[in-house]
């Protein structure tokens, strides 16, 4: 069996057993990937993202996603997301619908509670000889059922801070031969600081706790100039470290880019991952709820 197939088989097994959101790395640009309670906070925002992990490894994860976010005048928010995630010969396509209600609990503080329903299906290209060992009959037995999952979350936030909790895969679906989607818990928090009239420092933390997996901690710091452009640093000990930036384009568009450098043993076979995103504010003047903005 080829070394390349061994690596990809490990990736597939990790995805089957862990089943975390393929947009986890995109949290900096798109918080809905973690918390459905953020649905509606970007108000009429359309966003596309492409995530290329572990560049240089054939069959490494590649994720393409598109999201539309909206909020009604009654503070009911919803987000529709379509994701295609490819790992080796396996392609997963999913549709996620998130809804949230943003309750105003004081003059500048809101409490949001959200739920997401996700429908996904996986297919395997058994004709790609680079990955598939034709002698291994288990490859031909991989089922491709429709998977259904439900995520829940709640956020408390103001104009310059946020605090939230989320749980993914409340409904644990069977993927293949007694392999189930793993439940994942998230805790997220952030605070913005005005450095002067033009510059703002935004900090955040994301803690991920998955079944049968180590605790994952992500720390972010970001300096922004008048919401027009910014530069930041993200670090996940024992996982990766990276830089990211945002720049405002004409016609209420924003371009995002993130570069990650591995801190694990992957450093011996790859030294980079990339995330590229484009956001469009379709109704920039209509925001009815103060948003902590994250990095959007």
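The values are calculated or read from the model by the stated rules, or taken from the named source; none is laboratory data. Remember, it's a predicted structure, so these values are computed and weren't measured experimentally. So basically every Cβ, Gly included, is an ideal-geometry build from the backbone, and we count neighbours across all protein chains shown.
List every residue pair whose Cβ atoms lie under 7 Å apart, where the two residues are 6 or more positions apart in sequence or sit on different chains, the first residue falls within the stretch 250-262 and is at positive phi and at pLDDT below 95, and the second residue, located anywhere, is in a strand (DSSP E or B) and surrounded by 14 or more Cβ atoms within 10 Å (Cβ to Cβ).
Pairs found: 252/280; 252/281.
From the list 212, 218, which residue is in contact (Cβ under 8 Å) with a residue 40 or more places away in the chain and in a strand (DSSP E or B)?
It is 218.
So for the stretch 195-206 (the condition being touching a residue at least 60 places away in the same chain (Cβ under 8 Å) and within 16 Å of residue 167 (Cα to Cα)), does at least one residue qualify?
yes
I want to confirm something. Restricting to the stretch 263-279 and keeping residues that are exposed (fewer than 14 other Cβ atoms within 10 Å of the Cβ) and assigned to a loop (DSSP other than H, G, I, E, B), which single residue is modelled with the lowest pLDDT?
Result: 271.
Do the conditions hold for residue 121, that is, is it closer than 19 Å to residue 89 by Cα, at pLDDT 85 or above and assigned to a strand (DSSP E or B)?
Answer is yes for this residue.
Could you tell me which of the residues 147, 152 is surrounded by 16 or more Cβ atoms within 10 Å (Cβ to Cβ), within 26 Å of the chain's Cα centre (by Cα), closer than 22 Å to residue 213 by Cα and at pLDDT 90 or above?
Among 147, 152, only 152 is surrounded by 16 or more Cβ atoms within 10 Å (Cβ to Cβ), within 26 Å of the chain's Cα centre (by Cα), closer than 22 Å to residue 213 by Cα and at pLDDT 90 or above.
Condition check: in a strand (DSSP E or B), touching a helix residue (DSSP H, G or I) at 6+ places or on another chain (Cβ under 9 Å) and modelled with pLDDT under 90. Does residue 92 satisfy that?
yes
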